[in-house]
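> Let me begin by handing over the structure; questions about it come next.
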Amino acid sequence: MRWSQLKKQLQARFASSVAASIDLNQTRYRHSHDQEGEFWISYHGSRIFNAGSLSYLSSLGALTAENRADGSSPAQACELAWPIMDTSGLFLLEQMNKDLFHSLSLTVKDMLEHNNPVIRALAIIDTRYGKRRLATFDPSTEHQLVQRLHDLRCEAEGMAAPASS
């Protein structure tokens, strides 16, 4: 699916209270190898989240090099790097697009249980995510993006965010 179609379908699910304020964006660097790119979420035009393939690949390379310097074989160095990268908060653009597309077929409950914090954050601003659930949700153990969108949604709905967030 093309980005413009995916973006349109994702933003159609935004709650009306935040739909005009939050925007999803993506760019491709056409002259880079494999046309890598960047994904970001903005609130009133200011970026609140950013994920790019080049950042991910750079960090993966550095981590693999560290593992190689410690005496690991190339295969072992990569094997040791993957779990760390999975928890780093960095994402490949292709994986982000796959997760975003897959989220279109998920329930809000499934989105909240997803391993990608962007999908969990989008669940918070989903129109199917009700005010009662919003009022009782505690984002204190969540990724910063989830916490931020929870606070923004609470503010837009005229609700006080829980004291723990």
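The values are calculated or read from the model by the stated rules, or taken from the named source; none is laboratory data. Just so it is clear, the model here is predicted, and its values are computed rather than measured. Cβ atoms come from the backbone with ideal geometry, glycine included; neighbour counts cover every protein chain shown. SASA here: full protein model, heavy atoms, side chains in, ligands and nucleic acids out. Shrake-Rupley method; radii C 1.70, N 1.55, O 1.52, S 1.80 Å.
> Name every residue in the range 51-74 that is among the polar types (S, T, N, Q), surrounded by 14 or more Cβ atoms within 10 Å (Cβ to Cβ) and within 28 Å of the chain's Cα centre (by Cα), in order of residue number.
Selection gives Ser53, Ser55, Ser59, Thr64, Asn67.
> Being within 21 Å of Ser17 (Cβ to Cβ), among the small types (Gly, Ala, Ser), open to solvent by less than 30 Å² (accessible area, probe 1.4 Å) and in a helix (DSSP H, G or I) is true for just one of Ala77, Ala81, Ala121. Which residue is that?
On the way: Ala77 fails: within 21 Å of Ser17 (Cβ to Cβ); Ala81 fails: within 21 Å of Ser17 (Cβ to Cβ).
Result of the check over Ala77, Ala81, Ala121: Ala121.
> Say whether the condition of being touching an Asp or Glu at 6+ places or on another chain (Cβ under 9 Å) and among the basic types (Lys, Arg) is met by at least one residue in the range 119-133.
There is at least one residue in the range 119-133 that is touching an Asp or Glu at 6+ places or on another chain (Cβ under 9 Å) and among the basic types (Lys, Arg).
> Next up: Looking only at the range 85-98, decide whether some residue is assigned to a helix (DSSP H, G or I), within 20 Å of Val18 (Cβ to Cβ), of a type outside the set (A, V, I, L, M) and open to solvent by less than 40 Å² (accessible area, probe 1.4 Å).
Just the residues of the range 85-98 that are assigned to a helix (DSSP H, G or I), to begin with: 85-86, 93-98.
Filter again for within 20 Å of Val18 (Cβ to Cβ), leaving none.
No, because not a single residue in the range 85-98 is assigned to a helix (DSSP H, G or I), within 20 Å of Val18 (Cβ to Cβ), of a type outside the set (A, V, I, L, M) and open to solvent by less than 40 Å² (accessible area, probe 1.4 Å).
> Can you find a residue that is loosely packed, with under 12 Cβ neighbours inside 10 Å, aliphatic (A, V, I, L, M) and not in a helix (DSSP H, G or I) anywhere in the range 17-35?
Yes, the conditions are met somewhere in the range 17-35.
> What number goes with the only condition from (1) surrounded by 13 or more Cβ atoms within 10 Å (Cβ to Cβ); (2) more than 24 Å from Ser4 (Cα to Cα); (3) of a type outside the set (A, V, I, L, M) that Asn116 does not pass?
Result: Asn116 passes all but (2).
> Let me ask something else about it. Of the residues Leu6, Leu60, which is farther than 21 Å from Arg120 by Cα, among the hydrophobic types (A, V, I, L, M, F, W, C) and assigned to a helix (DSSP H, G or I)? First the steps, then the outcome.
On the way: Leu6 fails: farther than 21 Å from Arg120 by Cα.
Sole residue among the options that is farther than 21 Å from Arg120 by Cα, among the hydrophobic types (A, V, I, L, M, F, W, C) and assigned to a helix (DSSP H, G or I): Leu60.
> Next up: Find all pairs meeting these conditions: Cβ atoms under 8 angstrom apart; at least six residues apart or on different chains; first residue within the range 49-63 and closer than 11 Å to Met85 by Cβ; second residue open to solvent by less than 20 Å² (accessible area, probe 1.4 Å).
From the range 49-63, the pairs are Tyr56/Met85; Ser59/Met85; Leu60/Ala81; Leu60/Met85; Leu63/Ala81; Leu63/Met85.
> Within the set of pairs 6+ apart or on separate chains, which have a first residue in the range 140-158 that is over 17 Å from Val108 (Cβ atoms) and open to solvent by 20 Å² or more (accessible area, probe 1.4 Å), a second that is among the hydroxyl-bearing types (Ser, Thr, Tyr) and part of a helix (DSSP H, G or I), and C-beta atoms under 9 Å apart?
Close Cβ pairs (under 9 Å, with a partner that is among the hydroxyl-bearing types (Ser, Thr, Tyr) and part of a helix (DSSP H, G or I)) amount to Gln147/Ser140.
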